[in-house]
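Asks: To start, I am sharing the structure in question, which I have written as structure tokens.
Readers should treat all values here as calculations from the given coordinates under stated rules, not as data from a laboratory. These figures come from a predicted structure and were not determined experimentally.
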Amino acid sequence: MDTSAGEYRDDPAHWFDDEAGPVVRPYAMTRGRTSSAGRLRLDLIALVVAEPDEDPEWEQTLSPEHADILGLCRTRPQSVAELAAELDLPVGVVRVLIGDLVDDRLVHVTRPVPPAELPDESILREVIDGLRAL
């Protein structure tokens, strides 16, 4: 077997390992970035919602990972954790990619309600007790 550099580079087995999956490092997907340009802070439970499809030409310029996120969010809103699990990518990578899509106005993020704004537990217990009394 000829092991010249050209054949080695063109061999699909060189770029894919059955056990490890595609040999593409996470930093390659984000071009070495650890956060998006907008410095958006995303919680794991923040929901990502696709914007209405106004300009389909955007999809031609997106990376495969960006397109996958956009496709998943078009079917229903997805949390950051769900997207990372579905795409089998590290959460940090998914956060950067979502930030890119937010910057491009292709998705928006609804943040979870901060604990300080949630109703007090005692109020909820009183409501439950009142409903049980009916």
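Asks: If amide H atoms are built 1.01 Å from N in the plane of the peptide, which residues on other chains or at least 5 residues away come under 5 Å of the amide H of GLN78?
Replies: Residues meeting the criterion, in which the H sits 1.01 Å from N, are VAL48.
Asks: From the backbone phi of segment 82-94, what are the Karplus-calculated ³J(HN,Hα) couplings (6.51 cos²θ - 1.76 cosθ + 1.60, θ = phi - 60°) in whole Hz, Gly and Pro given as x?
Replies: 4, 5, 4, 5, 5, 8, 6, 10, x, 4, x, 5, 4
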